[in-house]
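The structure under discussion appears below in the form of structure tokens.
Where a number appears in this text, it was derived from the coordinates with a stated rule and is not lab data. Quick caveat: nothing in here was measured; it's all calculated off a predicted structure.
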Amino acid sequence: KIAPLFFKASRIEGGLGIDKADASFIFDIVGLVAIVIGSLAASYFAASKSFNRKTLMTLCAVMNLSYLVYTYLAIAQPVDELSIIVMVAFQHLCYGFGLMALIFFILQELTPGKYQLANFSFAMAIMYLAYLLPGMVSGFFSDYMGYYEFFVWIIICTIPAYIMSALVPLNSAPSETE
């Protein structure tokens, strides 16, 4: 939710100073294509592997790697628009990859049983809530901290994702009767 504001904010304010049209192109076109490619790559990756702890940790790491991009952009404040486009494409690619990981986890680990659709819907609602709630306060925190400190804080906030990925129980395989 903060990335478009970061891109449009002046360099004096810690942003990148990109105009609205260029920011829209970067997020709406480049970002969309990269998320689709990342999602397809994650689908291929997950299909070629069994869904185990190592796969989950890899997918978690790739998704959280995307947050380093904004921290780098806040530090470097590159002027070259092509490098910004490449970084945003990489970020969206990683995010798409990681988002598919979360959906795979939900499908494989949380939805087996008699009420698969209800379980899936409930898990997706929780996933959306986990996205929505931080977004509601992110503007306040980015204004209070500044963009660089905010993005560093986001990286720190990814630590629980690694801990949960390491500790969450995984089903060995769904049973045929479910």
Distant-in-sequence amide H partners of Phe51 (H built 1.01 Å from N, under 5 Å): none
Rel. contact order, % - alpha carbon contacts under 8 angstrom, at least six apart, region 3-167: 29
Among Lys20, Lys54, Lys114, residue whose mean-square fluctuation peaks in a GNM of the chain (springs only between Cα atoms under 10 Å): Lys114
Spatially proximal lysines relative to Lys8 (Cα-Cα < 22 Å; intrachain offsets below 8 disregarded): Lys20
